[in-house]
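Shown next, in structure tokens, is the structure this report addresses.
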Amino acid sequence: MNAPLAGVTVVSLEQAISAPLCTRHLADLGARVIKIENPKGGDSTRHYDGVVRGMAAHFVWLNHGKESAALDLTDPTDLEVFTGLLDRADVLVSNLAPGALGRLGLAPDTLADTYPRLVVVDISGYGTGGVLDDKRAYDLLVQAEAGSCSITGWPGQPVKSGIPIADVGTALYAYSAVLAALYDRKSTGRGAVIPIAMFDVVAEMMGFALNQVVHAGTEPQPVGMGSPMIAPYGVFDTADGQTAVLGTTSDREWRRLATDLLERPDLADDPRYARNADRVTRRAELDELLGDWCRQRTLADIQSLADRVGIGNARLNTVRELATHPQLAERGRWRDVGSPVGPVPALEPPAMALDWAIRAGAVPALGEHTAALRAEVLDARTNPTVG
């Protein structure tokens with residue numbers, strides 16, 4: 001089995017979620033990832049909690065498979081070690097505060113001139129050239145600024161997504177951009193500078209809602225556990241105290257739901273509900289009909305019948321129920337990774353070819369690899385043929 005990114009070296013000036021998740025996926029594919037951390041505490045997520053046998057849940061999730069170098073880049077000696085790492089690196093990923101790279105003399109354009117084969121990913125909150133360039137950007141702030149919270153929750157009660165979608169979305173765009181840049185470098189011989197703004201990522205994710213406003217002038221209204229764009233589609237209480245999640249995503253599915261699930265062909269033939277736009281207008285009526293039907297049946301009965309007639313459905317689970325979900329266990333989606341306190345469970349990466357090796361690297365202690373990396377840089381500079 002081969003690791004597709006074996007031989008690729010990634011240096012990361014990273015913290016929090018967006019850059020670390022990007023580089024962790026690169027590490028999963030076999031890349032060597034060298035995480036540069038401030039000697040005074042390291043990545044802030046190291047200290048969020050201590051639930052993983054003294055380690056933080058965020059840090060364990062985001063950082064296995066990496067080496068940690070504790071370097072103070074304002075110190076000339078440490079900066080020399082850092083540039084020594086860049087001498088042989090393929091990728092640099094950074095999500096430092098606005099302007100931080102430039103203040104260190106490491107502006108992306110400067111890096112591109114100095115290291116022409118280097119792929120530089122510069123993650124920021126809002127990009128450059130606009131009124132918000134210098135603002136700090138956390139997941140909640142970007143979700144709010146980009147309108148995501150306004151279509152989540154209920155009218156008058158905006159809600160942030162429970163998943164940090166601005167951070168995770170940015171990580172996945174950065175990850176895919178790195179892979180595209182490495183592929184492009186094979187033919188051009190050149191690296192790339194890739195600026196990625198979290199704000200732009202969430203704006204892209206808002207595409208359907210933006211189109212609705214731009215083309216129809218209609219502001220989407222949040223509908224809780226549902227979608228402002230389709231109906232019926234949501235959560236419904238069952239006779240046994242569970243919560244069923246089901247609905248339709250097309251006019252054809254609606255006819256099947258009405259006829260085969262509810263056994264109400266009259267609804268399927270009713271012109272008031274014929275098109276999705278009509279059903280969205282009459283969402284409350286349909287939710288009440290489907291809610292009444294579900295309250296007379298157990299979750300198992302609802303799901304069995306929905307599966308039989310081809311209507312999408314799910315059970316509303318808690319995080320605890322996800323942790324013990326048989327779909328993960330039976331498909332072997334869990335593995336152990338090393339850590340300073342011994343093996344800890346982690347999920348397999350979601351996208352891997354069947355014949356790719358998955359790198360099962362450990363969660364690093366702060367600065368665990370600093371001495372070795374200093375020696376490696378020194379050796380490379382005194383003996384340039386190495387590597």
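The values are calculated or read from the model by the stated rules, or taken from the named source; none is laboratory data. Please read all numbers here as calculations on a predicted model, not as lab measurements. Cβ: placed from backbone, ideal geometry, glycine included. Neighbour counts: every protein chain shown.
Some notes on this structure:
- Residue within region 130-142 that is in contact with a Pro (Cβ under 6 Å, 6 or more places away or on another chain) and closer than 18 Å to residue 22 by Cα present: yes
- All of 371, 351 fail the test of being at pLDDT below 95, surrounded by fewer than 15 Cβ atoms within 10 Å (Cβ to Cβ) and assigned by TED's automatic domain parsing to the domain that holds residue 60, apart from 351.
- Residues that are in contact with a strand residue (DSSP E or B) (Cβ under 6 Å, 6 or more places away or on another chain) and either at pLDDT below 95 or crowded, with 22+ Cβ neighbours inside 10 Å (or both), drawn from region 119-142: 119, 120, 121, 122, 123, 124, 126
- Filter result for residue 346 (of a type in the set (A, V, I, L, M) and assigned to a strand (DSSP E or B)): yes
- On the stretch given as region 315-338, residues that are in contact with a Leu (Cβ under 9 Å, 6 or more places away or on another chain), over 20 Å from residue 24 (Cα atoms) and either of a type in the set (S, T, N, Q) or surrounded by 13 or more Cβ atoms within 10 Å (Cβ to Cβ) (or both) total 2.
- Out of 148, 124, sole residue that is of a type outside the set (A, V, I, L, M, F, W, C) and closer than 19 Å to residue 93 by Cα: 124
- Which listed residue, of 79, 73, 96, 29, is among the hydrophobic types (A, V, I, L, M, F, W, C), touching a strand residue (DSSP E or B) at 6+ places or on another chain (Cβ under 9 Å), closer than 21 Å to residue 374 by Cβ and assigned by TED's automatic domain parsing to the domain that holds residue 126: 73
- Checked against (1) assigned to a strand (DSSP E or B); (2) farther than 27 Å from residue 58 by Cβ, residue 123 passes all but a single condition, namely (2).
- Yes/no for residue 285 being within 24 Å of residue 155 (Cα to Cα) and among the charged types (D, E, K, R): yes
- Under the condition of being charged (D, E, K, R), crowded, with 16+ Cβ neighbours inside 10 Å and part of a loop (DSSP other than H, G, I, E, B), the residues counted in region 156-205 number 1.
- Scanning region 253-277 for residues that are more than 20 Å from residue 314 (Cβ to Cβ), within 36 Å of the chain's Cα centre (by Cα) and either in contact (Cβ under 8 Å) with a residue 24 or more places away in the chain or surrounded by fewer than 16 Cβ atoms within 10 Å (Cβ to Cβ) (or both) yields 275, 276, 277.
- Of the residues making up region 44-67, those that are under 15 Å from residue 18 (Cα atoms) and without any contact (Cβ under 8 Å) to a residue 40 or more places away in the chain are 44, 45.
- Contact map, region 73-87: first residue closer than 20 Å to residue 32 by Cβ, second residue modelled with pLDDT of 95 or more and among the hydroxyl-bearing types (Ser, Thr, Tyr), Cβ cut-off under 6 Å, separation 6 or more or different chains; pairs are 86/115.
- Matching option when the condition is among the hydrophobic types (A, V, I, L, M, F, W, C) and more than 30 Å from residue 241 (Cβ to Cβ), among 357, 300, 306: 357
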